[in-house]
Amino acid sequence: MQPICQRRTWIVLLPAMLIPAIAALFYFVWLKDSEAAQPVYGGAKIFILSWPIIATILILRRPLGWKIQPITAHLRAIPMGLLSGVGIAALIALLMTTPLADLVKSASGSIEKKVIDLGVEEHFLLFAICLSLFHSLLEEYYWRWFVYGNLRNLVSRPAAHAIAAVGFSLHHIVVTSQFFPLAWALFFSLSVGIGGFFWSWIYQRQGTLAGAWASHAVVDAALMTVAYTMMYS
């Protein structure tokens, strides 16, 4: 890659990796008791959806390069994704039988308050389904296709997996630190980073987001189930 192209790529990647965490600081910390948290949260999701397209076309000055693959290529990727997702979900369920469950239960009040602040309390199940199915796809498109997909043109693939995973975990540090002590927030965010590393590896291996998306969706559904149980049981 030519130096000017490398510079442009870093120019689009740095905000891509930092802005979600900065936005989380606004809607989860600085504006947590304000009605402004909802539009900031929505604006952050609009950024995640639009920035890859805007940056690719206007700054990197290249086509999006989306290739329409046969449906069979996506279908072949799903079993591995589902299997890994179920494995991670089973690990989450197992952890909820340990003393860690008490830590999670102690955060249920804070989690419920945030659900109320974001205006989704009365529609939590619908919110959980949308987050598990559609928000996971949005994150795969953003963090694996765009962030990792560009990083692998700049650094080695292992380094690209690691850097993208760090970026993916940053805003989770902000979020989890609002519910748990910092040490635990870092532990949970490290787990998220490991998941991000794994999902970008699946994407690289399979050449499609289908497997990573399936895995991510199952894990998010497991986490939403834990949250629902903590709040409403």
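The values are calculated or read from the model by the stated rules, or taken from the named source; none is laboratory data. Owing to the predicted nature of the structure, the values given are computational and were not obtained by experimental measurement. Cβ: placed from backbone, ideal geometry, glycine included. Neighbour counts: every protein chain shown.
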What number goes with the only condition from (1) in a helix (DSSP H, G or I); (2) hydroxyl-bearing (Ser, Thr, Tyr); (3) surrounded by fewer than 16 Cβ atoms within 10 Å (Cβ to Cβ) that SER34 does not pass? (1)
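For (1) among the hydroxyl-bearing types (Ser, Thr, Tyr); (2) part of a helix (DSSP H, G or I); (3) over 21 Å from GLY167 (Cα atoms), each residue gets a yes or a no:
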position	(1), (2), (3)
ALA24	no, yes, no
VAL29	no, yes, no
ALA44	no, yes, no
SER50	yes, yes, no
GLY65	no, no, yes
ILE78	no, yes, yes
ALA89	no, yes, yes
ALA93	no, yes, yes
Can you find, within the range 52-78, the residue that is surrounded by the most Cβ atoms within 10 Å (Cβ to Cβ) among those that are touching a residue at least 40 places away in the same chain (Cβ under 8 Å), under 27 Å from VAL12 (Cα atoms) and within 21 Å of the chain's Cα centre (by Cα)? PRO52
Does ILE57 satisfy the condition of being modelled with pLDDT of 95 or more, in a helix (DSSP H, G or I) and under 18 Å from ALA222 (Cα atoms)? no
Name every residue in the range 192-201 that is within 21 Å of ILE68 (Cα to Cα) and either crowded, with 24+ Cβ neighbours inside 10 Å or without any contact (Cβ under 8 Å) to a residue 40 or more places away in the chain (or both), in order of residue number. TRP199, SER200
Assuming ILE88 fulfils every condition listed in (1) surrounded by 13 or more Cβ atoms within 10 Å (Cβ to Cβ); (2) modelled with pLDDT of 95 or more; (3) of a type in the set (Val, Ile, Thr); (4) over 16 Å from the mean Cα position of the chain (by Cα) apart from one, which condition is it? (4)
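Can we say LEU49 is within 24 Å of TRP30 (Cα to Cα), among the aliphatic types (A, V, I, L, M) and surrounded by 15 or more Cβ atoms within 10 Å (Cβ to Cβ)?
No, not satisfied.
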Checked the range 153-178 for anything farther than 27 Å from ILE111 by Cβ, surrounded by 19 or more Cβ atoms within 10 Å (Cβ to Cβ) and not hydrophobic (A, V, I, L, M, F, W, C); matches are HIS161
Any pair with Cβ under 6 angstrom, 6 or more apart, that starts in the range 7-28 at a residue that is within 28 Å of LYS114 (Cβ to Cβ) and ends at one that is modelled with pLDDT under 95 and not in a helix (DSSP H, G or I): PHE28/GLN178
